[in-house]
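Report on the following structure.
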Protein chains: 2
Amino acid sequence: MAEALGFRDVKAGILDRIRGGDWPPGTRIPNEVELAETLGCARATVSRAMRELADDGVLDRRRRAGTWVATSPVRQARIEIPLVRAEVEATGARYRYALVSRDRMAAPNWLRARLGLPEGCPVLHLACAHFADDFPFQYEDRWINLSAVSAAARADFAAEGPNEWLVANVPLSEAEIAFSAVAADAEVAANLSLAPGEPVFLCERTTRLDGEAITLARLHFGRGYRMTTVL
Amino acid sequence: MAEALGFRDVKAGILDRIRGGDWPPGTRIPNEVELAETLGCARATVSRAMRELADDGVLDRRRRAGTWVATSPVRQARIEIPLVRAEVEATGARYRYALVSRDRMAAPNWLRARLGLPEGCPVLHLACAHFADDFPFQYEDRWINLSAVSAAARADFAAEGPNEWLVANVPLSEAEIAFSAVAADAEVAANLSLAPGEPVFLCERTTRLDGEAITLARLHFGRGYRMTTVL
DNA sequence: AAAGTGGTTATGTCTATTCAAATACAGTCC
DNA sequence: GGACTGTATTTGAATAGACATAACCACTTT
């Protein structure tokens with residue numbers, strides 16, 4: 001009969017019944033044991049399928065209570081945040097990187113407040129341009145905390161972007177990401193070939209290691225950029 | 001010694017060794033059996049820990065080959081996309097909804113092309129305003145394919161936003177989401193109390209059921225909106 | 001040398017069993 | 001009636017064992 005029913009099949013079966021209208025949002029669906037029996041597989045298989053669907057926000061589960069089809073799909077989208085190089089090359093364009101400026105300084109107050117740095121903390125400020133077939137693709141405003149990553153002071157970032165350098169030289173860490181729309185200031189406009197005031201898609205990423213700020217990246221994307229995902 | 005080592009502990013242990021620099025990016029890490037032995041737990045526990053870390057983009061796994069610390073870590077972020085009401089109320093503000101306009105028409109060409117609709121396809125066009133404490137929070141430009149969701153023609157959307165109605169009345173479906181920054185046109189500016197041309201954070205969501213387009217939502221967010229996530 | 005073959009190995013998955021944790025519900029006590 | 005408590009139920013998680021699958025590798029064949 002049912003040969004080797006895998007957790008993917010179980011997931012698909014549950015989704016089919018939801019999509020088909022058998023189990024509208026809010027429905028309480030059969031428990032793990034029942035489903036396992038009707039489908040002819042082990043409870044662990046159903047459990048994994050249900051757990052993953054709950055992770056995706058499709059199901060709501062509560063112990064002792066049961067499992068329901070989620071009513072408010074507080075759905076999570078997974079967005080991929082590739083390295084700029086990979087993102088550009090994925091479109092078939094040629095990637096080019098250029099260092100615009102590189103300055104060592106004491107952290108300005110807004111940066112200290114934002115990253116929680118002590119007064120006079122040495123930082124490296126980089127401005128980088130990323131091109132796709134010589135069209136400006138991204139303008140990167142990068143700040144690196146030198147008291148946390150002193151090795152960065154000895155890197156010149158002429159050939160390699162700071163992101164690639166950091167990924168290769170600093171161990172994995174926590175990050176906070178924010179997306180917003182801002183108006184291009186003079187500097188951003190000049191580097192992205194925009195008129196000042198044009199809307200710019202901005203990705204700000206703060207990276208920490210054990211709570212200590214490593215770097216702040218402000219990635220300004222060129223005109224017409226869309227960040228897309230499916231779910 | 002190590003009593004009841006759970007998959008969370010294993011995950012934390014692996015992350016610690018990565019963060020601590022023991023296993024820099026690119027390192028091949030011990031296989032499941034070895035790790036299970038050294039940690040004193042079952043292979044399935046290590047397996048789940050490693051699988052979840054691979055899902056998060058922290059590890060790369062290949063059958064027969066082994067498991068490596070990912071060289072480009074911050075690969076994917078999960079962003080939550082709640083209903084507007086929940087998003088507003090989470091900030092402590094009072095949520096208010098208002099229907100700005102509601103028109104039934106044949107789908108315009110740009111919409112037909114975008115959603116793959118036949119000529120003359122009936123659609124419902126809604127413009128909705130969402131407020132947080134009477135400040136404009138989001139302006140929603142919504143198109144609903146009436147040949148797929150005919151019941152929508154009988155809903156007036158005066159008290160309830162189309163998103164909430166759709167979530168409750170149309171079964172789960174696939175969605176495509178795109179984020180971008182655009183300049184406010186006259187209509188958007190008026191509804192968000194902005195000056196025309198100001199940058200607006202735009203979320204466009206296309207929803208399909210078995211390939212048939214259900215709805216297109218263009219969600220324009222008010223000034224200063226930031227979509228944030230941690231990972 | 002090129003192409004195919006089979007074995008080895010690491011991950012992927014399923015089963016069966018057991019225990020743990022959370023909690024809705026009923027029943028008890030004041 | 002209202003607060004507390006115990007128990008049954010359901011999910012959560014760990015274990016051991018088995019088999020499946022993909023891929024690398026050495027070896028054989030052509």
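The values are calculated or read from the model by the stated rules, or taken from the named source; none is laboratory data. All values reported here derive from a predicted model rather than from experimental measurement. Glycine also receives a Cβ, built like all others from the backbone with ideal geometry; neighbour counts cover every protein chain displayed. Ligands, DNA and RNA are stripped out before the accessible areas are found, and what is left, the full protein with its side chains, is counted by its heavy atoms. Shrake-Rupley method; radii C 1.70, N 1.55, O 1.52, S 1.80 Å.
Position B:Ser101: other-copy label points at 4.5 nm, ordered by increasing distance, label point 7 Å along Cα→C-beta. Between B:Ala54 and A:Ala12, the C-beta separation translates, for a Förster distance of 25 Å, into a calculated FRET efficiency of about 0.70. Solvent exposure of B:Ile144, expressed as accessible area, is near 0 Å², computed with a probe of 1.4 Å over the protein chains only.
Residue-wise HN-Hα couplings along segment B:175-190, as the Karplus relation 6.51 cos²θ - 1.76 cosθ + 1.60 with θ = phi - 60° gives them from phi, are 9, 10, 10, 9, 10, 7, 10, 10, 8, 5, 7, 4, 5, 4, 4, 4 Hz; Gly and Pro carry x. Residue-wise HN-Hα couplings along segment B:21-35, as the Karplus relation 6.51 cos²θ - 1.76 cosθ + 1.60 with θ = phi - 60° gives them from phi, are x, 5, 10, x, x, x, 5, 7, 9, x, 6, 4, 5, 4, 4 Hz; Gly and Pro carry x.
Of A:Cys41, A:Cys128, which has the most accessible area with a 1.4 Å probe, and how do the rest follow in descending order? Mind dumping the intermediate values first?
Values: A:Cys41 30, A:Cys128 0 Å².
Accessible-area ranking of A:Cys41, A:Cys128, largest first: A:Cys41, A:Cys128.
Once the Kirkwood radius over Cα pairs is known for chain B, the Stokes-Einstein relation at 20 °C and 1.002 mPa s delivers a diffusion coefficient of 101 µm²/s. A Förster radius of 25 Å combined with the Cβ-Cβ distance from A:Val33 to A:Thr71 puts the calculated FRET efficiency at roughly 0.55. Accessible area per residue for the protein assembly as shown is 48 Å², calculated with a 1.4 Å probe on protein heavy atoms, without ligands, DNA or RNA.
Sequence-ordered 3J(HN,Hα) estimates for segment A:201-208 from the Karplus curve with 6.51, -1.76 and 1.60 and θ = phi - 60° stand at 7, 10, 10, 10, 10, 9, 10, 10 Hz, glycine and proline given as x.
What's the longest uninterrupted piece of chain B once you rule out the GluC sites (Glu not before Pro) that are loop residues per DSSP with at most 11 other Cβ within 10 Å?
Numbers: sites that count: B:Glu3, B:Glu119.
It runs B:4-118.
Rolling a 1.4 Å probe over the protein heavy atoms leaves A:Asp185 with an accessible area of roughly 80 Å². Which net charge results for the neighbourhood of A:Ala44, defined as the other residues with beta-carbon distances under 11 angstrom from its beta-carbon, given Lys and Arg at +1 and Asp and Glu at -1? With Lys, Arg at +1 and Asp, Glu at -1, the neighbours total +2. Charged neighbours of A:Leu202, selected by a Cβ distance under 12 Å, balance to -1 (K, R count +1; D, E count -1). In angstrom, the C-alpha Rg and Dmax of the protein assembly as shown are 24.7, 72.
Taking each DSSP H run with n ≥ 4 as -39500 (n - 2.57) and averaging over every residue of the protein assembly as shown yields -7500 deg cm²/dmol at 222 nm.
How big, in percent, is the set of alpha carbon pairs in segment B:84-221 lying more than 22 Å apart? Kindly include the intermediate steps, with their values, before the conclusion.
On the way: 3612 of 9453 pairs.
Summing the P(r) tail past 22 Å for segment B:84-221 gives 38 percent.
Could you give the longest part of chain B that holds none of the trypsin sites (Lys or Arg not before Pro) found in DSSP loops with at most 14 neighbouring Cβ atoms within 10 Å? Between exposed loop sites, the widest span is B:95-231. Surface composition of segment A:7-69: carbon plus sulfur atoms contribute 45% of the solvent-accessible area (1.4 Å probe, protein chains only, all chains present).
Distance between the pseudo-spin-label points of A:Arg62 and A:Asp185 (7 Å out from Cα toward the beta carbon): 4.9 nm. Maximal additional length on extending the B:Thr91-B:Ala42 stretch stands at 13.3 nm, based on 0.36 nm per residue less the C-alpha distance. Each principal axis of the Cα atoms in segment B:1-83 has its own extent, and those three values, largest first, are 46, 30, 26 angstrom. Per residue, the average separation of C-alpha pairs within less than 8 Å and at least 6 apart gives chain A a relative contact order of 14 percent.
Here the translational diffusion coefficient of segment A:171-218 follows from Stokes-Einstein with Rh set to the Kirkwood radius across Cα pairs; for 25 °C and 0.890 mPa s it amounts to 204 µm²/s.
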